[in-house]
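Visitor: Here it is, the structure in full.
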Amino acid sequence: MEITPDVRLAAKVLNTPFLLLDLDILKSNYRKLLGIIPNLEIFYAVKANSHIRVLETLRDAGSSFDLASIGEIRKLLSLGVDPQRMSFGNTIKREEDIRFAFDHGIDYYAIDAEMEVEKVARNAPGSKVYARLHMSSTDSDWPLSKKFGTDIDHVQSILTYSKTLGLVPYGVSFHVGSQTYNKFKWKEAIMEVAEIFHSLKENHGIELSMINLGGGMPIRHVRPIPTVDEIGTIISDSIANYFQDVPNLRIFIEPGRSMVGDTGTFVASVLLRSHKQTEEWVYIDAGVFHGLMETIEDFRYEIVVEGREEEDTKIFTLAGPTCDSVDKMYDEVSLPQNTTLGDIMYIKNTGAYTAEYGSYFNGIEPPKVYVLQDIMPQLEEAREREGQPTDTDS
């Protein structure tokens, strides 16, 4: 999301910190992703941003949803989403949550261990299961696979086991790592998935029906990225090459960051500038515990300071407002050299995995979330007060 006049005006009108979302960008992202592969089925990863307006927009666009908890299931049910458009993609589920999902009509469940297969078999008999394949994610900003997924042989074993327990071994999923820069990681993963498909059919008579591409498509921050179209071409060519003998293959994808990341701008204010030994520090009114948690892994956002875009920069340490030393975003970050108390800071493309991490630590409220389309009347009134042209002016 660009720092438009509307975003700058919102920074004057609203109290920081806040996250501003643009639903028009969200709609465009959905349409673009849907067009990269024929018959692609989008299951939006709700964990990336579960704001009601985001979910409603994607619901109305026709999206399905990837869910991680009973709370997310209840939220979507309250919005009237058909359970057939939901997939329980967490491989670490409570048994009572599986039963709740099953009783409400959810049919897809992720697995990566025998015990998880047994839990699903007990609580969601006859359901469709898909096994998560471990992928190396060294080319990504946020690796995921140490906690999730398993090797090729184990995937085949647990899918075979699932059949003996009355479940339907339905497919294989993978995740190449969040914010992946190597577009060929999808080809590597699809080749391994094809090996599983062919081996299960030949050796166990199990014919799988679905490949789940997971997430991982990057958005622009501070490094060049492959485009959605480039990744889509790699995926399409790989599926055409390695799945020629799989009729009626279903292709799921679970975008999170790539769907909502560039819909948002995080807006904060400078609370303090301090000099400590050889370091210059800047503290802002939101930090690791209030939306910027991903920075603890040195996840790099592009930062703009209002009115100082043309200034020379220098290296600062950037930290949040709490009484915890963990609340430090960057040991070294380039900011305008005169950044000081009261300055407005825009952190770009922060629509994913920011507000979701907001807490009340230290009694500090998490950032509020606003939708640009919803606050336009408020912005128009502010323009009129300032004597600026409004959208209704000719």
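Since every read-out is calculated from the coordinates, none of them should be taken as a lab result. For clarity, every value in this text was computed on a predicted model and none was experimentally measured. In this analysis, Cβ positions are derived from the backbone assuming ideal geometry, glycine residues included, and neighbour counts consider all displayed protein chains.
Visitor: Can you divide the C-alpha Rg of segment 41-91 by 2.2 N^0.38 Å and report the result to two decimal places?
Guide: 0.96
Visitor: Around GLY291, which amide H atoms from residues at least 5 apart in sequence, or from another chain, sit under 5 Å from its own amide H, with H modelled in the peptide plane?
Guide: Amide H to amide H, under 5 Å and 5 or more residues apart or across chains, GLY291 pairs with GLY358, SER359.
Visitor: Please report the antiparallel percentage of the DSSP beta bridges confined to the chain, to the nearest 5.
Guide: The answer is about 45 percent antiparallel.
Visitor: Another question about this same structure. Between segment 302-318 and segment 189-212, what is the C-alpha centre distance in whole Å?
Guide: Here the answer is 51 Å between Cα centres.
Visitor: If exposed chymotrypsin sites (Phe, Trp or Tyr not before Pro) are those in a DSSP loop with at most 14 other Cβ within 10 Å, what is the longest stretch of the chain that has none?
Guide: Longest run free of exposed loop sites: 1-183.
Visitor: Quote the FRET efficiency, to the nearest 0.05, computed for ARG223 versus LYS147 with a Förster distance R0 of 30 Å and r equal to the Cβ-Cβ distance.
Guide: For R0 = 30 Å, the calculated efficiency reads 0.80.
Visitor: Output the Cα-based Rg and Dmax of segment 262-384 in Å, rounding Rg to one decimal and Dmax to a whole number.
Guide: 14.8, 48
Visitor: Which whole-angstrom value gives the distance between the alpha carbon centres of segment 371-387 and segment 231-255?
Guide: Here the answer is 45 Å between Cα centres.
Visitor: Here's a follow-up. Return the tail of the calculated pair distribution for segment 50-255, meaning the percent of Cα-Cα pairs more than 20 Å apart.
Guide: Looking at segment 50-255, the distances longer than 20 Å represent 58 percent of pairs.
Visitor: In segment 247-326, what is the volume of the convex hull around the alpha carbon atoms, normalised per residue and reported in Å³?
Guide: So the per-residue hull volume is 162 Å³.
Visitor: Specify the longest stretch of the chain that does not include any exposed loop site, a site being one of the GluC sites (Glu not before Pro) with a non-H, G, I, E, B DSSP assignment and at most 14 other Cβ atoms within 10 Å. Working shown, then result.
Guide: Working: sites that count: GLU2, GLU207, GLU302, GLU309, GLU310, GLU311.
The segment 3-206 is the longest one with no such site.
Visitor: Any idea what diffusion coefficient the chain gets from Stokes-Einstein, in µm²/s, Kirkwood Rh on alpha carbon pairs, 20 °C, 1.002 mPa s?
Guide: Calculated translational D: 95 µm²/s.
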